[in-house]
Structure formats: structure tokens, C-alpha cells
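Laboratory data are not the source of any read-out in this text; all were calculated from the coordinates shown. Here the structure is a predicted model, which is why all the values come from computation and not from measurement. With ideal geometry, Cβ positions are generated from the backbone for all residues, glycine too; neighbour counts draw on all protein chains shown.
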Amino acid sequence: MTLIISLMSVLVVSTIVVGILLDRKKSLLLEHPRLGKRIMGANLSFFTVLSVFAIIYLFSGSNAFAEVATASTAADAGAKGLGYLAAGLSTGLAAIGAGIGVGVTGSAGIGAISEKADVFGKTLIYVGLAEGIAIYGLIISIMILGKI
């Protein structure tokens with residue numbers, strides 16, 4: 001499991017590094033327009049294969065959660081692991097959604113404020129509502145962690 005996690009970490013870091021390098025050398029992408037799609041396709045396929053291996057390993061009945069639950073059964077340990085996964089997903093996906101919402105409402109709000117300064121309070125409310133989604137995800141993950 002440690003090998004799978006380290007390979008996934010290397011894959012994510014390499015994707016970020018390749019993205020930064022391609023962003024700095026935009027002429028390379030202009031000369032070879034399919035290069036970016038090929039790199040993303042390769043990264044996505046490797047990530048999918050590693051994710052499938054991780055899921056198979058988690059549900060194979062191995063001793064992956066022995067440190068988490070020494071006195072409990074394997075099913076209880078698997079449930080704890082899935083609870084931690086659910087808590088992480090609820091926080092992470094809510095934060096991504098809130099970031100997209102704040103980006104959209106913030107840019108629209110700045111455009112509206114530049115035309116009419118009286119709408120500042122209304123746009124601030126919309127941005128705050130979009131930020132609230134991340135807080136809802138955090139509350140859900142705290143509730144999940146409270147049940148584990």
C-alpha cells in the first residue's frame with residue numbers, strides 16, 4: 001500500500017511539474033498541439049490504474065488497517081478506513097466546489113462593482129454564500145469523524 005501511495009504521489013507531483021514546464025514553454029505546445037493531450041492522457045491512465053490497484057488492495061482482506069484498529073475486527077477497520085475516506089472526500093470536494101463558486105461570483109462581482117459601486121454589499125453576500133459550501137463540507141466531515 002505504501003508503494004501505491006508513493007507512486008500516486010510521484011504521479012501527482014510529476015503532473016504539476018510538467019504543467020508548469022509546459023506553461024513556461026508555450027511555444028512547444030504551439031509546435032506540437034497534441035502533446036498536452038497525450039501527456040494528460042498518459043497521466044490519467046496511470047492514475048486510473050494505480051487507483052484500481054489501491055482499491056483492490058484495500059478490499060482484498062489484507063492487513064492494511066492493522067495500525068488503525070488493533071483490537072477490532074477487519075470489517076470494523078475497513079469501515080473506519082472508508083469513514084476517513086468519506087470525511088476527506090466531503091471536505092475536499094466541497095472546497096473545490098466553493099473555490100469554483102467564489103471564482104465565478106467574485107469575478108462577476110468585480111465587474112458589477114466597476115460599473116456601479118452601490119452593489120458592493122450584494123456581491124459580497126453572494127461570495128460569502130459560495131464560501132459557505134466549504135464550511136458545510138467541513139461540518140459534514142466532522143460529523144462523519146464523530147461517528148467513527
Ellipticity estimate at 222 nm from DSSP helix runs (n ≥ 4, -39,500 (n - 2.57)) divided over the chain, nearest 500: -29500 deg cm²/dmol
Candidate lysines - alpha carbon under 27 Å from residue 80, same-chain residues fewer than 8 apart omitted: 147
For the chain, built as a Gaussian network whose Cα springs stay under 10 Å, the top-fluctuating residue of 42, 87, 54: 42
Among 140, 126, 35 - extreme Cα towards positive end, dipole of the chain, charges at beta-carbon: 35
Backbone HN-Hα couplings from phi across the stretch 37-54 [Karplus 6.51/-1.76/1.60, Hz, Gly and Pro as x]: 5, 5, 5, 5, x, 5, 5, 5, 5, 4, 5, 5, 4, 5, 5, 5, 4, 5
GNM top mover of 135, 20, 96 - the chain, alpha-carbon springs below 10 Å: 20
Label-point separation in nm, residue 54 to residue 84, each point 7 Å along Cα→Cβ: 1.2 nm
Potential lengthening between residue 46 and residue 124 on full extension [0.36 nm per residue; Cα-Cα distance subtracted]: 23.9 nm
Choice from 86, 112, 95 with maximal GNM fluctuation in the chain (Cα, 10 Å cutoff): 112
At R0 = 22 Å, FRET efficiency that the Cβ-Cβ distance of residue 3 and residue 135 yields, to 0.05: 0.05
Set of lysines with alpha-carbon distance to residue 25 below 26 Å, sequence-local pairs under 8 removed: 37
